[in-house]
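Here's the structure, in structure tokens; my notes come after.
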Amino acid sequence: MRDIIGPALKLIRLPHAEGLDLPAYETPGAAGMDVRAAVTEPLTLAPGKRMLVPTGFIFEIPQGFEIQVRPRSGLAFKNGVTCLNTPGTIDSDYRGEVKVLLVNLGDEDFHIERGMRIAQLVFAPVVQARVEEAENFSQTARGAGGFGSTGV
Ligand SMILES: O=c1ccn([C@H]2C[C@H](O)[C@@H](COP(=O)(O)OP(=O)(O)OP(=O)(O)O)O2)c(=O)[nH]1
Ligand SMILES: [Mg+2]
């Protein structure tokens, strides 16, 4: 395995993930690690339905980081299957199993097999803000203009 420069990310494999590949970067420059369905039997996701799919792993995310659960574009394009809550947020203090909330926006049943790559996990820095209530702000050229205020 190639050396990756970056913070260590510890994970624990749950019994139902026995034998599954670890979440992994498929190419040297991949932004996300593909993660697999830790289902014990094939499941069918009917059109218009959603389902929480287990990954079989718990992560210990270092403080100051998060994991984003993002869809795989191939599943979205070919099957209309995406993550309903994209990007899903895995908090650094979460110690439960990471699950993927899939939704089938296509028009055919989607079959989820054990070991299928269902989503990708992006490990990313986050900064917590100190929230402060204020009376007034600095002036800007934009002001409150938005939603196309600068033209096309
Ligand atoms: O796609 C996801 C999104 C979230 N989670 C887990 C990890 C995350 O830390 C926790 C809470 O997620 P979130 O804050 O998005 O949900 P909530 O509805 O605000 O729940 P809570 O009140 O538990 O924060 O659920 C997943 O396993 N998969
Ligand atoms: Mg929350």
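The values are calculated or read from the model by the stated rules, or taken from the named source; none is laboratory data. Only a predicted model underlies this, so the values are computations on that prediction, with no experimental measurement involved. Methodologically, a virtual Cβ is constructed for each residue, glycine included, from the backbone with ideal geometry; neighbour enumeration extends over all protein chains shown. Keep in mind that these areas ignore ligands, DNA and RNA; they rest on the heavy atoms of the full protein, side chains included. Shrake-Rupley method; radii C 1.70, N 1.55, O 1.52, S 1.80 Å.
Scanning the stretch 103-137 for residues that are open to solvent by less than 100 Å² (accessible area, probe 1.4 Å) and without any contact (Cβ under 8 Å) to a residue 24 or more places away in the chain returns 129, 134.
With a cut-off of at least 1 residues that are surrounded by fewer than 16 Cβ atoms within 10 Å (Cβ to Cβ), name the strands (runs of 3 or more DSSP E) lying wholly within the stretch 2-53.
Numbers: elements: 10-13, 33-36, 43-45.
Strands (runs of 3 or more DSSP E) meeting the threshold: 10-13, 43-45.
Pairing residues of the stretch 82-100 that are under 15 Å from residue 72 (Cβ atoms) with residues that are open to solvent by 90 Å² or more (accessible area, probe 1.4 Å) and within 6 Å of ligand 1 (Cβ to nearest atom), at Cβ distances under 9 Å and at least 6 apart in sequence or on separate chains, gives 88/99. Only a single criterion out of (1) surrounded by fewer than 15 Cβ atoms within 10 Å (Cβ to Cβ); (2) more than 10 Å from ligand 1 (Cβ to nearest atom) is not satisfied by residue 93, namely (2).
Which of the residues spanning the stretch 73-86 are crowded, with 17+ Cβ neighbours inside 10 Å and either hydrophobic (A, V, I, L, M, F, W, C) or within 14 Å of ligand 1 (Cβ to nearest atom) (or both)? Full working, then the answer.
Going residue by residue through the stretch 73-86, those that are crowded, with 17+ Cβ neighbours inside 10 Å are 75, 79, 81-83.
Result: 75, 81, 82, 83.
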